[in-house]
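**Q** One structure follows; several queries about it will come next.
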Amino acid sequence: MKFTDGYWLIRDGVTLQRPAEVHDVEDLGDTLRVHAPVRRIERRGDTLNTPSITVTFTAPREDVIAVQIEHFAGRRESLPRFDLTPAPVTPVITQDEEQATFRSGRLEARVALHGPWQVDYLWDGVLLTSSTARSIGYAQVEGKGPFVHEQLALGVGEQIYGLGERFGAFVKNGQSVDIWNADGGTSSEQAYKNVPFYLSSRGYGVLVDDAGPVSFEVGSENVTATQFSVPGERLRYEVVGGGTPLEVIDRYTARSGRPPALPEWSFGLWLSTSFTTQYDEETVLSFVDGMAERGIPLSVFHFDCFWMRGFHWSDFRWDPATFPDPRGLIAKLHERGLKVCVWINPYIAQRSELFAEGAEAGHLLRTEDGSVWQTDLWQAGMGLVDMTSPAAREWFAGKLDALLEDGVDAFKTDFGERIPTEGVVWADGSDPLREHNFYTQQYNQVVFDLLEERRGKGEAVLFARSATAGGQRFPIHWGGDCESTYVAMAQSLRGGLSLVSSGFGYWSHDIGGFEGTPDPTLFKRWVAFGLLSSHSRLHGSSSYRVPWLFDEEAVDVMREFAELKQTLMPYLLEVSATTTRTGAPVMRPMAMQFPEDPACRTLDAQYMLGEDLVVAPVLQEDGTVDVYLPAGRWVHLLDGEEVDASAGGRFLRRTYDVHSLGLFARAGSTPLALVGGAS
């Protein structure tokens, strides 16, 4: 949200008040509290009718500083709140004539005591960013109520990444970003996974600790600052120091949650029925057996929506006309060495027998007059499970538990974005505005916790679409509904790189695209990209994704890359163990792995798979790809081309057939040893 009209003016309908000076400072032992009136106090009378902004500094974790900006402190704290792991440290607070300093580990905030408002954030004494005279604002916006904003300075050449899974430019500078979960596909400013955390190329991160709508202006209102604003009387954010991007991600995920260990089978190839295609037991087994006959290793079979009857989603009952013996079918799939995943969502159609059951028990979201909230968008007359209610969560989990008894191994937790905000009342009194984004967290956690309880730690796997901050604790997440085009493949990759810059360790996408049917060449290109992602799933909307329906060469390509991923599995599992330990994502932006290389800072068409593999998918119909190799010696994993970039990074342009792509390993690395390439 923008509040100003250029540099000098305020927008029509907006009144804006800013701290004019520091009036006094309180050292409370573990807290530094600063009182800053919105005009200079030159005489006693100036303390009358003068609002004051209170800025409080705490240390929720070493090397992290939490900042709270308040106007009216007596307003009730809104639920829900992010579940952030505390590890409070005793800060070092000092004060002299010129400044008050608040230090948490190697990160410190220096508050100027005289002159205009100024707070500098430093890492080991080196300036990271600042809050300056025009940074903090308390705004009354006509028709919308109060907002609080902060602006943190951008340095020359500083780039901002993250803010969830966003499909536009990977570098967020110049963008307006609203943290608001929406089912908008992959080609708009909307996003399924909105995370109010950004990562700076200068070696720090910022989390806005508000589960509701957060509006970011990244160099787009004030071109020298990242602004973030929230509705209400207070804004809380955390500055996460410092050093390399991977070190920042380590500290941030220690606070917001580590990605858990995943089973080896989850890294294999997943095959889906697709969405609206016709399928039954014969179809499913023909696909599975067809993959085996063609020598394509398969790990998981996924049943999409129509394993249940239309108009009944979700009643968690197999369609008896299509699957008369679901336990028998699941047993056959297990006998073939496969795991089984089924699609679910948190909506209960009116025709589902669970609707009346849930409504009577109070498990469905209510309106202000006590009625069940309903809509016809998606499923006729559907209600929404109230995940803020412990009883409703237990009820929902119980329905899924019956599917686990059938032999189901994993759930695709679809949707979770279309959450109403007007005229509804949540069981725990949560603010509907803030519950909108947070709902997905509760939904995914209920399902993940059930799987951990029933299958054991290290065996729980989701395939989730929506998320918010901390959602990395409930993997895996996939990129949502993209078109079947090269452009959409590039969009999906940018979305994944943005998501992993926001603390998520794993990411996947629909191989071949979701909307439409890819031409055979595009499908083969996407197969290579998909099987060199952390997780790999074949899925579409109205057409199947088995390779022999494209051509025989597609069968060969899929076999080659599925076998390559199996060969690389020891390396991927080693990388995944690091993800669990430090939060470092399996797929990494080049800027995350090589922050000192300025050429890497804007690259968004290639990535690192772990720390030793550069992957540059072919995103052009003619087969050309531009690859940047950072300083070092690199070997193409498939054709053995050796590139000596030891004198400095090198850009290459190569043309590959559908059996290859830009795929370079560090000389002497584990991937080369596994594949048997040159060193």
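The values are calculated or read from the model by the stated rules, or taken from the named source; none is laboratory data. Keep in mind that what you see is a predicted model, and the values were worked out from it rather than measured. Cβ placement follows ideal geometry from the backbone for every residue including glycine, while neighbour counts extend to all protein chains displayed. Please note that ligands, DNA and RNA were not included when accessible areas were found on the heavy atoms of the full protein model with its side chains. Shrake-Rupley method; radii C 1.70, N 1.55, O 1.52, S 1.80 Å.
**Q** Those residues that are of a type in the set (Asp, Glu) and in contact with a helix residue (DSSP H, G or I) (Cβ under 7 Å, 6 or more places away or on another chain), I need them from the range 60-116; list them, please.
**A** Of everything in the range 60-116, just one residue is of a type in the set (Asp, Glu) and in contact with a helix residue (DSSP H, G or I) (Cβ under 7 Å, 6 or more places away or on another chain), namely Asp63.
**Q** Specify which of the listed residues (Leu365, Leu329, Leu333, Leu338) is of a type in the set (A, V, I, L, M, F, W, C) and over 24 Å from Phe306 (Cβ atoms).
**A** Answer to the check: Leu365.
**Q** Just a yes or no: is a residue in the range 220-234 within 15 Å of the chain's Cα centre (by Cα) and either under 26 Å from Met592 (Cβ atoms) or open to solvent by 10 Å² or more (accessible area, probe 1.4 Å) (or both)?
**A** no
**Q** Let me ask something additional. If the Cβ limit is 6 Å and pairs must be 6+ apart or interchain, which residue in the range 369-389 that is under 18 Å from Glu353 (Cα atoms) and in contact (Cβ under 8 Å) with a residue 40 or more places away in the chain pairs with which residue that is among the aromatic types (Phe, Trp, Tyr) and open to solvent by 40 Å² or more (accessible area, probe 1.4 Å)?
**A** Note: pairs meeting the criteria are Ala380/Phe311.
**Q** Of the residues that make up the range 469-488, is at least one surrounded by fewer than 18 Cβ atoms within 10 Å (Cβ to Cβ) and small (Gly, Ala, Ser)?
**A** Scanning the range 469-488 turns up no residue that is surrounded by fewer than 18 Cβ atoms within 10 Å (Cβ to Cβ) and small (Gly, Ala, Ser).
**Q** Right, Ser492: open to solvent by less than 10 Å² (accessible area, probe 1.4 Å), over 21 Å from Phe411 (Cα atoms) and out of contact with any Ser or Thr (no Cβ under 9 Å at 6 or more places or on another chain) or not?
**A** It is false that Ser492 is open to solvent by less than 10 Å² (accessible area, probe 1.4 Å), over 21 Å from Phe411 (Cα atoms) and out of contact with any Ser or Thr (no Cβ under 9 Å at 6 or more places or on another chain).
**Q** What's the total number of residues in the range 536-558 that are charged (D, E, K, R) and either under 25 Å from Arg588 (Cα atoms) or crowded, with 24+ Cβ neighbours inside 10 Å (or both)?
**A** Adding up the residues that qualify gives 2.
**Q** Across the range 45-61, which residue is farthest from Ala139 (Cα to Cα) among those that are free of Cβ contacts under 8 Å to residues at least 40 places away in the same chain and assigned to a loop (DSSP other than H, G, I, E, B)?
**A** First, pick out the residues of the range 45-61 that are free of Cβ contacts under 8 Å to residues at least 40 places away in the same chain: 45-50, 52, 54, 56, 58.
In the following step, the residues that additionally are assigned to a loop (DSSP other than H, G, I, E, B) were identified as 48-50.
On the way: Leu48: 20, Asn49: 17, Thr50: 15 Å.
Checked the range 45-61; the qualifying residue farthest from Ala139 (Cα to Cα) is Leu48.
The rows are residues; the columns are (1) in contact (Cβ under 8 Å) with a residue 60 or more places away in the chain; (2) open to solvent by less than 60 Å² (accessible area, probe 1.4 Å); (3) in a loop (DSSP other than H, G, I, E, B).
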{"residue": "Glu621", "(1), (2), (3)": "yes, no, yes"}
{"residue": "Trp634", "(1), (2), (3)": "no, yes, no"}
{"residue": "Asp657", "(1), (2), (3)": "no, no, yes"}
{"residue": "Ser660", "(1), (2), (3)": "yes, yes, yes"}
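**Q** Only one of Ser508, Ser498 is more than 19 Å from Leu572 (Cα to Cα), among the hydroxyl-bearing types (Ser, Thr, Tyr) and crowded, with 23+ Cβ neighbours inside 10 Å; which?
**A** Ser498
**Q** Scanning for something of a type in the set (Asp, Glu), within 22 Å of Leu572 (Cα to Cα) and exposed (fewer than 15 other Cβ atoms within 10 Å of the Cβ), does the range 639-652 turn up at least one residue?
**A** Yes, the conditions are met somewhere in the range 639-652.
**Q** Considering only the range 452-489, how many residues are assigned to a loop (DSSP other than H, G, I, E, B), in contact with a Pro (Cβ under 9 Å, 6 or more places away or on another chain) and under 22 Å from Leu207 (Cβ atoms)?
**A** Residues meeting the conditions: 4.
**Q** Just to be sure I understand, how many residues within the range 284-313 are farther than 25 Å from Arg351 by Cβ and surrounded by fewer than 19 Cβ atoms within 10 Å (Cβ to Cβ)?
**A** Final tally of qualifying residues: 9.
**Q** If we keep just the residues of the range 155-170 that are of a type in the set (A, V, I, L, M) and open to solvent by less than 30 Å² (accessible area, probe 1.4 Å), which is farthest from the chain's Cα centre (by Cα)?
**A** Going through the qualifying residues, I end up with Ile160.
**Q** May I pose another question? Can you tell me which of Asp414, Asp401 is within 21 Å of Phe306 (Cβ to Cβ), out of contact with any Leu (no Cβ under 6 Å at 6 or more places or on another chain) and in contact (Cβ under 8 Å) with a residue 24 or more places away in the chain?
**A** Asp414
**Q** Is there a residue in the range 42-56 that is of a type outside the set (Gly, Ala, Ser), open to solvent by less than 40 Å² (accessible area, probe 1.4 Å) and within 25 Å of Thr468 (Cβ to Cβ)?
**A** Scanning the range 42-56 turns up at least one residue that is of a type outside the set (Gly, Ala, Ser), open to solvent by less than 40 Å² (accessible area, probe 1.4 Å) and within 25 Å of Thr468 (Cβ to Cβ).
**Q** Could you look through the range 384-403, keep only residues that are among the aliphatic types (A, V, I, L, M) and open to solvent by 10 Å² or more (accessible area, probe 1.4 Å), and pick out the one that is farthest from Ser314 (Cα to Cα)?
**A** Among residues in the range 384-403 that are among the aliphatic types (A, V, I, L, M) and open to solvent by 10 Å² or more (accessible area, probe 1.4 Å), the one farthest from Ser314 (Cα to Cα) is Ala391.
**Q** What strands (runs of 3 or more DSSP E) lie completely within the range 73-145 and have 1 or more residues being open to solvent by 10 Å² or more (accessible area, probe 1.4 Å), modelled with pLDDT of 95 or more and within 18 Å of Val239 (Cβ to Cβ)?
**A** Values: elements: 92-95, 99-104, 107-112, 119-123, 126-131, 137-141.
Those strands (runs of 3 or more DSSP E) span 92-95, 99-104, 107-112, 119-123, 126-131.
**Q** Which residue pairs have Cβ atoms under 8 Å apart, sit 6 or more places apart or on different chains, and have a first residue in the range 275-296 that is within 26 Å of Asp481 (Cα to Cα) and a second that is among the acidic types (Asp, Glu) and at pLDDT below 95?
**A** none
**Q** Now, a different point. Exactly one of (1) part of a loop (DSSP other than H, G, I, E, B); (2) surrounded by 20 or more Cβ atoms within 10 Å (Cβ to Cβ); (3) under 36 Å from the mean Cα position of the chain (by Cα) is unmet by Val22. Its number?
**A** (3)
**Q** Here's a follow-up. Which of (1) surrounded by 14 or more Cβ atoms within 10 Å (Cβ to Cβ); (2) at positive phi does Ala59 not meet, given it meets every other one?
**A** Among (1) surrounded by 14 or more Cβ atoms within 10 Å (Cβ to Cβ); (2) at positive phi, Ala59 violates only (2).
**Q** With the range 163-232 as the region, which strands (runs of 3 or more DSSP E) entirely inside it contain at least 3 residues that are modelled with pLDDT of 95 or more and within 14 Å of Glu150 (Cβ to Cβ)?
**A** Strands (runs of 3 or more DSSP E) meeting the threshold: 204-208, 214-218, 225-231.
**Q** Here is a further query. From the set of residues in the range 372-381 that are more than 27 Å from the chain's Cα centre (by Cα) and of a type outside the set (Phe, Trp, Tyr), which is surrounded by the most Cβ atoms within 10 Å (Cβ to Cβ)?
**A** We begin by selecting, within the range 372-381, every residue more than 27 Å from the chain's Cα centre (by Cα); these are 372-376, 380-381.
Retained after the next criterion (residues that are of a type outside the set (Phe, Trp, Tyr)): 372, 374-376, 380-381.
Working: Val372: 22, Gln374: 20, Thr375: 14, Asp376: 10, Ala380: 15, Gly381: 15.
Going through the qualifying residues, I end up with Val372.
**Q** I would also like to ask the following. Could you tell me how many of the residues in the range 248-284 are in a helix (DSSP H, G or I) and touching a helix residue (DSSP H, G or I) at 6+ places or on another chain (Cβ under 9 Å)?
**A** Of the residues in that region, 9 qualify.
**Q** Let me ask something additional. Any chance you could count how many residues in the range 1-19 are open to solvent by 90 Å² or more (accessible area, probe 1.4 Å) and outside any loop (DSSP other than H, G, I, E, B)?
**A** In the first step, residues of the range 1-19 are kept if they are open to solvent by 90 Å² or more (accessible area, probe 1.4 Å); the result is 7-9, 11-12.
Pick out the ones that are also outside any loop (DSSP other than H, G, I, E, B) and you get 9.
Total satisfying the criteria: 1.
**Q** Would you check if Glu42 is over 33 Å from the mean Cα position of the chain (by Cα), modelled with pLDDT under 95 and either small (Gly, Ala, Ser) or part of a loop (DSSP other than H, G, I, E, B) (or both)?
**A** Judged against the criteria, Glu42 is a match.
**Q** State whether one or more residues within the range 524-535 are open to solvent by 10 Å² or more (accessible area, probe 1.4 Å) and polar (S, T, N, Q).
**A** No: zero hits.
**Q** I'd like the full set of residues that are part of a loop (DSSP other than H, G, I, E, B), open to solvent by 30 Å² or more (accessible area, probe 1.4 Å) and not aliphatic (A, V, I, L, M), limited to the range 314-350. Don't jump to the end; show me each part of the working.
**A** Pass one, the range 314-350, residues part of a loop (DSSP other than H, G, I, E, B): 314-325, 336-338, 345-346, 349-350.
From what is left, the residues that are open to solvent by 30 Å² or more (accessible area, probe 1.4 Å) are 317, 320-322, 324-325, 336-337, 350.
Listed by number, the residues that qualify are Arg317, Pro320, Thr322, Pro324, Asp325, Arg336, Gly337, Gln350.
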